[in-house]
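Peer 1: Pasting in a structure now, in structure tokens, and then I'll have a few things to ask.
The values are calculated or read from the model by the stated rules, or taken from the named source; none is laboratory data. Predicted, not measured: the structure shown is a model, and the values here were computed from it. Virtual Cβ from ideal backbone geometry, glycine too; neighbours counted across all protein chains shown. Ligands, DNA and RNA are excluded from the accessible area calculation, which covers all protein heavy atoms including side chains. Shrake-Rupley method; radii C 1.70, N 1.55, O 1.52, S 1.80 Å.
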Amino acid sequence: MPYFSNLKARIKDQLNLTSKLTPAKLFNSFRLLASYYWSRLTKKAVQWGYPASISFEPTTSCNLRCPECPSGLRAFTRPTGMLENKFFKDSILQLKKELHYLTFYFQGEPYLNPAFLDMVKFAHENNIYTATSTNAHYLKPEMAEKTIESGLDRLIISIDGTTQETYESYRVGGKLEKVLEGAKNVIAAKKKINSSKPFVIFQFLVVKPNEHQIDDVLRLGKEIGVDEVRLKTAQVYNYENGNELIPSIDKYARYYQKKDGTWGVKNRMINACWRMWQGCVITWNGGIVPCCFDKDATHQLGQLAEQDFKSIWKGQKYKGFRQAILKSRSEIDICKNCTEGTKVWGEKSAT
């Protein structure tokens, strides 16, 4: 499997992740697993735990215009804006007892929110493992140092090409030079402050225009000194009749060509989904949505401005959505292009 990972750094990262566990979080994880498998066995949705991981959206704004991203396309039908610091902190106080892993990302570029690193620091102070994904255009030396000082545990840097021409074919409006400079600034800041965090990942979204640069990005990651280079498969929206972004290297494609010439998703589409039991996504304005595939928040299951989180999580609307998953997942629109249950080689995570 062609990816690069610094074993020593990865062990430190896993130990750091484990260090955030408490007896309450471990017991909660047991309850989540038990309720998930009991629901699958009985085909009746039950939920005995609370989220072990969530994604919180710092903003819907982005400086780039990536072709398969609603934020980049400016194509949202839902409200757009910035996550407010106080609202975020109040929400975390509801979740911190059970919450183990917090991703500061859904849509948009997190560093565009002026309060982003203060939010990271607050989560860090509440013993929650924190991660974010960025296009790295704002990681100047001062911002890189502030990132390390915030306590951020994991930093995913999107790098989808090793030449400017290839990079900007997907990251429209982006500058590869800024990405590499930002990564170098973070590595330098880690050394200056003598910190092993954050665990820095180069994430390479494999599409047809850049698949010839896989070996190049592995070499580049080693040269710059990131902790891992991760190859990730790409979700495309209009795939049924083929798409110019679908890689020709089959193991990096989420899609396959059928005998009639049309295309389908490599997904067994079983009537179950672990994501619906162990976590959720919270939009910048407090909307609770099932997962990261509901990018336009069309399946909003509650609103934190109106209810406390735990009432939403165990409420009838959420229970009804989980029940629909158990009954016929293939009938839910956001599930039709999902990787849950997909066999995809080379991919370390599905988002």
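Peer 1: Evaluate the relative contact order of the chain (contact order divided by residue number), counting alpha-carbon pairs under 8 angstrom at least 6 apart; express in whole percent.
Peer 2: Worked out over the chain, it gives 20 percent.
Peer 1: I'd like to compare 55-64, 311-320: which one has the highest average count of other Cβ atoms within 10 Å, and what's the full order after that?
Peer 2: Ranking, from highest mean packing down: 55-64, 311-320.
Peer 1: What FRET efficiency comes out for the pair residue 219/residue 86, r = Cβ-Cβ distance, R0 = 56 Å, nearest 0.05?
Peer 2: Using R0 = 56 Å, I get an efficiency of 0.80.
Peer 1: Cut-off 10 angstrom, C-alpha nodes, Gaussian network model of the chain. Which of 184, 97, 192 fluctuates the most?
Peer 2: Residue with maximal mean-square fluctuation among 184, 97, 192: 192.
Peer 1: Tell me the label-point distance for the pair residue 306, residue 327, using the 7 Å Cα-to-Cβ offset, in nm and rounded to one decimal.
Peer 2: Label-label distance for residue 306 and residue 327, simple model: 2.2 nm.
Peer 1: Right, here's the next one. How many percent of the accessible area of segment 40-170 is carbon or sulfur, using a 1.4 Å probe?
Peer 2: 53 percent
Peer 1: With a 1.4 Å probe and every protein chain left in place, work out the accessible area per residue of segment 161-288 in Å², rounded to a whole number.
Peer 2: It amounts to 44 Å² per residue over segment 161-288.
Peer 1: Now for a different question. Suppose a student asked you for the relative contact order of segment 234-317, using Cα pairs under 8 Å spaced at least 6 residues apart; what percent would you report?
Peer 2: 15 percent
Peer 1: Kindly list the residues of segment 217-253 that lie in the label zone of residue 269, defined by a backbone N under 17 Å from the point 7 Å along the Cα-to-C-beta vector.
Peer 2: Residues passing the 17 Å test: 236-242.
Peer 1: Further question: Which of 115, 305, 45 moves most in a GNM of the chain, Cα contacts under 10 Å?
Peer 2: Top of the fluctuation ranking is 305.
Peer 1: Residue separation times 0.36 nm, minus the C-alpha to C-alpha distance between residue 12 and residue 240: what's the value?
Peer 2: 77.8 nm
Peer 1: Still on this model: Where is the GNM fluctuation largest for the chain (alpha-carbon springs, 10 angstrom cutoff): 261, 242, 161?
Peer 2: 261
Peer 1: Using θ = phi - 60° and the Karplus curve 6.51 cos²θ - 1.76 cosθ + 1.60, what whole-Hz ³J(HN,Hα) does each residue of segment 133-146 get, with Gly and Pro shown as x?
Peer 2: So the Karplus estimates, Gly and Pro as x, are 10, 9, 8, 6, 6, 10, 8, 5, x, 5, 5, 4, 5, 5 Hz.
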